[in-house]
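Have a look at the structure below before the remarks.
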Amino acid sequence: MQKPLHCSMTVRTLRTCSYLISVVYSSRSDNEKCMFHPISAFIAWRYSLAGKHNSFISFINRVSVAGIALGLMALIVVVSVMNGFEAQLKSRILGLVPHIVVYQGDNSGATGSNLNGPEPAMLQQLPHVEKVTPYLETEGVLQSRTALRGVQLQGITPTSMTDSVLEQELKIGRLSDLSAGSFRVIISQALAGQLKVTTGDTLRVLIAGATVYTPFGRLPSQKLVTISGLHDVGSRLDDKIIFMNLADLNRLLRRPANASHDYRLFLNDAFEYQQTLTHLNQLNLKTDNWRERQGPLFDAVKMEGNMMFLMLTLIIAVAAFNIVSALVMVVTEKQGDIAILQTQGLSKGRIMRIFMLNGVFNGVKGALIGLLLGVVLTTQLNALLEFLGVSLVMGVQGAMIPIDLRWQQVAVYTVLSLALCFLASLYPAYRAMQTHPARALQND
């Protein structure tokens with residue numbers, strides 16, 4: 001008489017397998033129940049909650065979940081701060097630097113340029129153009145009683161700078177003080193500190209580009225101007241730019257009163273300058289734009305943000321691939337369960353799906369924790385630093401960190417974390433699918 005096959009399984013394994021078998025049979029006989037309780041997802045969820053008997057596997061699972069959570073939290077916080085820093089640079093520096101300057105034909109000296117000059121109405125119709133104003137700029141030297149500073153003089157009309165960052169950050173004085181013929185200027189508080197002057201004081205402006213003939217030879221054009229206002233935009237260009245009325249700068253440059261002037265184009269988004277520039281080039285107009293002046297600075301900020309994103313994504317990837325080692329150990333431990341499920345008719349595809357979902361469940365737990373912690377920490381970062389008494393001197397007044405939380409980016413980072421967890425689960429799930437029931441049960 002043939003000896004029956006006996007398996008020396010542990011009581012725990014027998015109970016688990018019998019329970020799973022009953023679930024399989026019940027799912028086959030009850031289609032509605034199977035619809036809402038897929039067997040692969042149910043077993044994977046049971047496995048993800050189990051494992052307390054094996055403290056090492058449980059520890060690896062917790063480490064992988066914690067690593068994904070911390071990595072995603074750090075990615076959300078750091079990228080939000082980088083976004084805020086870039087937005088502040090954009091509003092401060094590009095609030096002072098012209099987005100695009102269109103030069104008049106008779107003043108550009110460019111071969112093939114439009115000698116008649118552009119019309120403001122035509123420029124206003126270009127894409128992304130929000131406002132067109134007359135504009136002049138030149139370089140000169142500002143002299144006080146104690147110091148000399150090289151500066152850029154911008155000739156503006158007071159009404160052209162309304163609702164600009166200059167008007168918003170004007171601490172003393174008003175833009176309307178820059179009336180024609182007054183020879184008044186607005187400078188930054190940083191430049192005023194360097195020259196040791198304040199509002200009401202006079203400064204001497206010298207322009208080498210415009211000279212006058214004297215008995216002593218050619219001398220640069222110069223004029224005493226009065227400080228009528230102080231601003232604090234908070235950019236690195238604060239101490240390099242001064243503002244005066246367009247007509248006053250025109251006289252200082254020794255140009256005729258009816259001489260043509262350039263045009264300054266304000267865009268609704270300075271980063272969308274390329275399309276506007278293409279149309280201007282088609283009109284054979286000589287132009288200048290913020291990219292040619294401050295492009296390297298924004299390139300450096302962009303590269304720094306990309307490198308931070310790459311580094312933190314690698315941290316998430318390392319945490320995600322900890323799931324590989326955890327799942328390999330789970331597959332090794334569950335060889336008997338896998339074999340019995342196969343003998344009861346569970347397909348290899350469903351076996352593979354069990355362990356894929358097991359890894360994804362760990363990723364979902366880590367991603368949800370990291371998402372919650374990242375959003376909370378980002379929104380409360382300044383309050384937390386204030387509570388801890390830490391000042392990073394990042395804001396306009398040196399008290400706040402610029403933060404720009406973009407939900408679209410948060411969603412992309414969360415999906416990226418889950419995708420890495422899914423990829424990390426493929427190999428262990430494939431190994432589970434290749435389990436041979438006879439070999440798995442021969443030692444049990």
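The values are calculated or read from the model by the stated rules, or taken from the named source; none is laboratory data. Keep in mind that this is a model prediction, so the values were computed, not measured. Quick reminder, even Gly has a Cβ in these numbers, built from the backbone with ideal geometry, and neighbours come from all protein chains shown.
Just a few scattered comments:
- Residues satisfying the stated conditions in the range 163-198, i.e. more than 24 Å from VAL101 (Cβ to Cβ), crowded, with 17+ Cβ neighbours inside 10 Å and touching a His at 6+ places or on another chain (Cβ under 8 Å): GLN189
- Answer residue from the range 215-237, given it is in a strand (DSSP E or B) and either outside the structural domain of LEU191 (by TED's automatic domain parsing) or basic (Lys, Arg) (or both) and is surrounded by the fewest Cβ atoms within 10 Å (Cβ to Cβ) among those: ARG218
- Note on the range 363-384: residues that are surrounded by 24 or more Cβ atoms within 10 Å (Cβ to Cβ) and of a type in the set (S, T, N, Q) amount to 0.
- Residue within the range 238-245 that is touching a residue at least 12 places away in the same chain (Cβ under 8 Å), assigned by TED's automatic domain parsing to the domain that holds GLY173, touching an Asp or Glu at 6+ places or on another chain (Cβ under 8 Å) and among the acidic types (Asp, Glu) present: yes
- Complete set of residues in the range 194-205 that are closer than 13 Å to LEU142 by Cβ and not basic (Lys, Arg): GLN194, LEU195, VAL197, ASP201, THR202, LEU203, VAL205
- Residue within the range 260-268 that is surrounded by 14 or more Cβ atoms within 10 Å (Cβ to Cβ), out of contact with any strand residue (DSSP E or B) (no Cβ under 7 Å at 6 or more places or on another chain) and over 30 Å from TYR413 (Cβ atoms) present: yes
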